[in-house]
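Below is one structure, written out as structure tokens; the observations come after it.
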Amino acid sequence: MGQYIGAAIKRLEDPALITGRAKYTDDLQLPNMAYAAILRSPYAHARIKRIDTSKAAAMEGVIAVFTGEDIAQSGVPGVVPVGWLLPDLKTPPHPLLARDKVRHVGDGVAVVVAEDRYTAYDALEAIEVEYEPLPAVVNPADAVKEGQPLVHEDAPNNIAFDWSIGDKEATDEAFAKASHVVSLDLVNNRLIPNAMEPRATLADYNPVTGELTLWMTSQNPHIHRLLMSLASLGLPEHKIRVIAPAVGGGFGSKIHHYPDEAITAWCAMQVGRPVKWQATRMETYLTDAHGRDHVTHAEMALDENGRILGLRVQTYANLGAYLSTFAPAVPTYLYGTLLSGEYDIPAIYCRVIGVFTHTTPVDAYRGAGRPEATFVVERLMDLAARKLGLDPTEIRRRNFVPPDKFPFQTQVALQYDSGNYEAALQKALEIIDYKNLRQEQERLRQEGRYIGIGFSTYIEACGLAPSAVVGSLGAQAGQWESALVRIHPTGKVTVYSGSSAHGQGHVTTFAQIVADKLGVSLEDIEIIQSDTDQVQYGWGTYGSRSAAVGGSALAVALDRIVEKGRKIAAHLLEAAEEDVVFEDGKYYVKGAPDQAKTLQEVALQAYLAHNLPKGLEPALEAVAFYDPPNFTFPFGTHVAVVEVIPETGEIKILRYVAVDDVGNVINPLIVDGQVHGGIAQGIGQALFESAVYDENGNLVTGSMLDYAVPKAHFLPSFEVDRTVTPCPHNPLGVKGAGETGSIASPAAIVNAIVDALAPFGVEHIDMPVTPEKIWRAIHGNGRS
Amino acid sequence: MYPPRFDYYRAASVQEAVQLLQAHPEAKVLAGGHSLLPMMKLRLAAPPVLVDIGRIEELRGIQDLGDRLRIGALTTHWELERSDILARKCPLIPEAAAQIGDRQVRHRGTIGGNLVHADPGSDLPAVILALDGTLHLAGPNGTRQVAARDFFLDLMTTAVQPGEILTAVEVPVLGERTGTAYLKFEHPASGYAVCGAAAIVTLNADGTVAQARLCFNGITSTPFNAQNVTDALVGHTPDDATIEGVVDQHLHVGDPMGDVFASGAYRVELAKVFAKRALKQARDRAQA
């Protein structure tokens, strides 16, 4: 590779962002613009007996007030669809606004369109809704029991799906012959994504042309356009333009198609004016799809040497009140398939029961299924190590898939492409000086101080993904990616990418790929994304897929540019095409670099078309639609060192070491940033964050006063390093770096805490591990 | 985050503020706006009238009155934190003020607003109680003074009567051989005190305790004065074992608050630990 790929180039996006020049959705103003606000149910479950909007509608400055009935009568499809199907999946309808019943606190009931936001919110208070409150159910393991309130009448026992993977019989046999069995009951805590920028939409409908333009906080504008067209609005797809301007983070929460953006668009069509809706932080808490929320029983069978014989997992996955866009995939194909971890496990069986409850819908949140799987496997490894009297690193070594066994077929469908797990572990051990640290731990214990060392040797499946594979598993979407590269007559470059960055820095990393492949400088490259009218097509940014799939599409398109340019250059140089080399932005005949044609010269000739090879089309442009042959499998070792103060349960993170293998690295600065952010979010899950519902379905942790997102001063300075095992099946050798931290770190932190508490006989504490839980565990007031 | 409609008056003097409050009995007083405005934006509070006292010059600043210090109600947390007078004569206040919220909050929030709001998780109430401070109120019938021990009546309820405003807080200048400490177990989300312990220890020349104070934020609905503990300390040499023994034996918290993050039982346990830590630190400082 050249001078750009692998270089720590400062993000080209940042000057606009840090000087306030970037435009987010709420910064946009259109003439004659009105504002929408949505009335939300205060009940988790209630029948709507009556809605009276007359007082609100009569208020000065109120343009219109609409209910679900109005949307239904307008004749639009009016629903929010699910984008991933499983066998026998129950798919109850999800209307844009609730009509007969509300099913979670925050369910939309009515919408006000007004001249300004003050008036809109005043008018919400003037809408009269008569509810008949009904009993609610919030816990997925409870919701499946007989006699519980039903979220949807057509989903008996609140079960949306009952899914399994692996070989049950072989797994039962493995347990029958095991020398040791360890088991674990755990709750994987429900999380709220909390992107810095709440969701927002600005909708502008032109009744003359029939065109609808939507600026919105989207991670995948083409998916939103498709679902808006087919399911929500019924407008032809080519008449809808979705643009994601600057987007302040998503972490999965802006993948999904929600009612609110469609309601805003529908309102714009009704009132004939542009309408803007900006979620408040409270709406973010109540309506952005939450993450995780599993109730799991897991068991691991081992032989007398600590070799894993089998793994058996049963999980109740809380789906919330409605199926969010990719909700069925997250606790199934992004979870059950990851349960082999970094290990050669001969028999695995996993059953997942997806459950409706009267809570906010649950969907992908940074890591999506893979943090849950990693937590199950890595906690069991530590429990097994303790039971067998083995060092936690030793039991992992004994079970690692060895480097010579790749590609490695797991018992849960995936084929790992490449890996060297021992190398990453070894590097992490050297960084923390493991042997001495263990001695230090022992010495401190004698003084009454309790430090713990926790490991997470994790695997993830990223780079979603081969379209035929995900299609066979239920995806109602393809998962290839596209790139169009246009070389202008002056040799400047514009790239149209189907990826859609919302903080990841594609403008920088993609430009680095272009600069190296074409030998042009960064300032001569423009990266266009996030606009369905400009970009040919794309499936967007999530699942650590943009470098591996979007970047690969770009690499293929760039190769096509180089090849077409070579034909033109060969013609100009009067040489055979196969004798012409391309290097540093110049074509020349092998051995005669002084007689070169620059890319700029070739581009100009391509456009002038005065003297092209016979039959060659003019212009210099190429498009690639890249469908990857496999997922990518980043992996690594994270190590947490914590100290626990037994008298209060206070926790200090003393060190945090991450050795990740994300394949080739395009920009180490950006990868480090991704790793840091992911670790912070994972520590958030491990120690602080939890969306708690009371028995009536009220979100008790409904604001930043109660829901603790980690603050900078809670976290240590992370020590990050890497090993590099290139991905063997994509042109860049990259694997994806967006989710390593949130996948690996919860298990590392909890393992460290449990290790610190070993002298007290503590075996497990559920996340978030708060000081009180530790205090209770130590003082025998309950296991957690 | 859009409050309902309200009328806004800006008072130029305490007298005008009192008159405005008389004319608008439903009005709320606006100072730094860091407690009231969030509640209004969440529509949890909807006062029809705000009387802004934020620019009344006479309510600002810290005065040295010899044996006492007078702190104007509009003094910001940041000013408390950075005050030379307080650092020398009453360092407990800057130590606590520095632990409030974040830098932005400390630049806007005021000591008066903090005390009158009387959030049980606030940091200043127990500090003013421990210092035996006096709160100066102005109202339609003139001015009056309320001792800190009579000021905090219940959760977010104080002795301030309708039509009154808090104008200043007076605290004593701490004497020789006196050490103070404010230690806080903060809620990871809000930053409020789950348990905040304010301790003051004054030693006799022979090293025994002459007097002591120990008050808590966060564990009960109003700041809690652990008088039993400090009474039991007086006359004793405050070595670690004595402090620990006295706290274990004499700290009894009735009716602790609890929430999803920290139960009442756990807060009581925290109070014990933080009592010991705070008393030891105050002692160390008294000895220094």
Counting only residues in the stretch A:684-707 that are of a type in the set (A, V, I, L, M, F, W, C) and surrounded by 24 or more Cβ atoms within 10 Å (Cβ to Cβ), the one nearest to the other protein chains (Cβ to nearest Cβ) is identified as A:LEU687
Going by the structure shown, is A:GLN479 among the polar types (S, T, N, Q), part of a helix (DSSP H, G or I) and either farther than 22 Å from A:PRO746 by Cβ or open to solvent by less than 10 Å² (accessible area, probe 1.4 Å) (or both)?
-> no
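Which residues, taken from the stretch A:530-549, are in a loop (DSSP other than H, G, I, E, B) and under 17 Å from A:THR740 (Cβ atoms)?
Within the stretch A:530-549, A:THR541, A:TYR542, A:GLY543, A:SER544, A:ARG545 qualify.
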**Prompt:** Among the residues of the stretch A:92-106, is any assigned to a loop (DSSP other than H, G, I, E, B), of a type in the set (D, E, K, R) and surrounded by 17 or more Cβ atoms within 10 Å (Cβ to Cβ)?
**Reply:** yes
* Asked: When you look at A:GLY75, is it open to solvent by less than 60 Å² (accessible area, probe 1.4 Å), more than 14 Å from every other protein chain (Cβ to nearest Cβ), in a loop (DSSP other than H, G, I, E, B) and more than 18 Å from A:GLU153 (Cβ to Cβ), yes or no?
  -> no
For B:ALA197, the lone unmet condition from (1) assigned to a loop (DSSP other than H, G, I, E, B); (2) modelled with pLDDT of 95 or more; (3) within 14 Å of chain A (Cβ to nearest Cβ) is (1)
Filtering the stretch B:5-41 for residues that are surrounded by 15 or more Cβ atoms within 10 Å (Cβ to Cβ), within 14 Å of chain A (Cβ to nearest Cβ) and in a loop (DSSP other than H, G, I, E, B) leaves a count of 3
Of (1) in contact (Cβ under 8 Å) with a residue 40 or more places away in the chain; (2) β-branched (Val, Ile, Thr); (3) not assigned by TED's automatic domain parsing to the domain that holds A:PRO402, A:VAL657 fails just (3)
Taking the stretch B:242-269 and keeping residues more than 20 Å from A:ARG776 (Cα to Cα) and either small (Gly, Ala, Ser) or outside the structural domain of B:SER221 (by TED's automatic domain parsing) (or both) leaves B:GLY245, B:GLY254
Notebook entry, point to check: Taking the condition within 14 Å of chain A (Cβ to nearest Cβ) and in a loop (DSSP other than H, G, I, E, B), does B:VAL260 pass?
Noted result: yes
If we keep only residues of the stretch A:257-272 that are in contact with a helix residue (DSSP H, G or I) (Cβ under 9 Å, 6 or more places away or on another chain) and in a loop (DSSP other than H, G, I, E, B), then the residue farthest from A:GLY83 (Cα to Cα) is A:TYR258
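Here's the yes/no breakdown for (1) out of contact with any Phe, Trp or Tyr (no Cβ under 8 Å at 6 or more places or on another chain); (2) open to solvent by less than 10 Å² (accessible area, probe 1.4 Å); (3) more than 29 Å from A:VAL734 (Cβ to Cβ):
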site: A:ASP594; (1), (2), (3): no, no, yes
site: A:ASN611; (1), (2), (3): yes, no, yes
site: A:GLU621; (1), (2), (3): yes, no, no
site: A:PRO634; (1), (2), (3): yes, yes, no
site: A:HIS638; (1), (2), (3): no, yes, no
site: A:VAL642; (1), (2), (3): yes, yes, yes
site: A:GLY649; (1), (2), (3): no, yes, yes
Filtering the stretch A:190-240 for residues that are outside any loop (DSSP other than H, G, I, E, B) and assigned by TED's automatic domain parsing to the domain that holds A:PRO31 leaves a count of 30
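From the list B:LEU233, B:LEU251, which one is away from every other protein chain (no Cβ under 12 Å), crowded, with 20+ Cβ neighbours inside 10 Å and either within 30 Å of A:TYR707 (Cα to Cα) or not β-branched (Val, Ile, Thr) (or both)? Can you show your working first?
Numbers: B:LEU251 fails: crowded, with 20+ Cβ neighbours inside 10 Å.
From the options B:LEU233, B:LEU251, the qualifying one is B:LEU233.
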Over the stretch A:482-501, the set of residues surrounded by fewer than 24 Cβ atoms within 10 Å (Cβ to Cβ) and out of contact with any strand residue (DSSP E or B) (no Cβ under 8 Å at 6 or more places or on another chain) is A:PRO489, A:THR490
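Table: residues versus (1) assigned to a loop (DSSP other than H, G, I, E, B); (2) out of contact with any strand residue (DSSP E or B) (no Cβ under 8 Å at 6 or more places or on another chain).
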site	(1), (2)
A:GLY565	no, no
A:ALA569	no, no
A:LEU616	yes, yes
A:VAL623	no, no
A:PRO629	yes, yes
A:ALA640	no, no
A:THR648	yes, no
A:VAL659	no, no
A:VAL665	yes, no
Q) Does A:GLY108 qualify as being at pLDDT 95 or above, over 24 Å from A:TYR285 (Cβ atoms) and either under 34 Å from the mean Cα position of the chain (by Cα) or among the small types (Gly, Ala, Ser) (or both)? A) no
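Within the stretch B:46-61, work out how many residues are more than 14 Å from chain A (Cβ to nearest Cβ) and either aliphatic (A, V, I, L, M) or farther than 27 Å from B:MET1 by Cα (or both).
Within the stretch B:46-61, residues that are more than 14 Å from chain A (Cβ to nearest Cβ) and either aliphatic (A, V, I, L, M) or farther than 27 Å from B:MET1 by Cα (or both) number 10.
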For the structure I just gave you, tell me whether A:ALA22 is open to solvent by 50 Å² or more (accessible area, probe 1.4 Å), assigned to a loop (DSSP other than H, G, I, E, B) and in contact (Cβ under 8 Å) with a residue 12 or more places away in the chain.
no
Within the stretch A:350-400, the count of residues that are of a type outside the set (Gly, Ala, Ser), assigned to a loop (DSSP other than H, G, I, E, B) and surrounded by fewer than 24 Cβ atoms within 10 Å (Cβ to Cβ) comes to 2
Those residues of the stretch B:55-66 that are under 20 Å from the mean Cα position of the chain (by Cα), touching a residue at least 24 places away in the same chain (Cβ under 8 Å) and surrounded by fewer than 17 Cβ atoms within 10 Å (Cβ to Cβ) come to a total of 1
Of the conditions (1) surrounded by fewer than 19 Cβ atoms within 10 Å (Cβ to Cβ); (2) within 14 Å of chain A (Cβ to nearest Cβ); (3) in contact with a helix residue (DSSP H, G or I) (Cβ under 6 Å, 6 or more places away or on another chain), the single one that B:ASN228 does not satisfy is (2)
Among A:ALA569, A:ALA603, the single one that is surrounded by 15 or more Cβ atoms within 10 Å (Cβ to Cβ), touching a residue at least 60 places away in the same chain (Cβ under 8 Å) and within 21 Å of A:SER521 (Cα to Cα) is A:ALA603
| query | Within the stretch A:411-429, is even one residue assigned to a helix (DSSP H, G or I), open to solvent by less than 70 Å² (accessible area, probe 1.4 Å), closer than 17 Å to A:ASP661 by Cα and hydroxyl-bearing (Ser, Thr, Tyr)? | reply | yes
Taking the stretch A:269-291 and keeping only residues that are open to solvent by less than 10 Å² (accessible area, probe 1.4 Å), in contact with a Lys or Arg (Cβ under 9 Å, 6 or more places away or on another chain) and away from chain B (no Cβ under 14 Å), one is left with A:ASP288, A:HIS290, A:GLY291
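The values are calculated or read from the model by the stated rules, or taken from the named source; none is laboratory data. Computed from a predicted model, the values in this text were never measured in an experiment. Here the Cβ is made from the backbone with ideal geometry for all residues, glycine too, and neighbour counts use every protein chain on show. Calculation scope for accessible area: heavy atoms of the full protein, side chains included, ligands and nucleic acids excluded. Shrake-Rupley method; radii C 1.70, N 1.55, O 1.52, S 1.80 Å.
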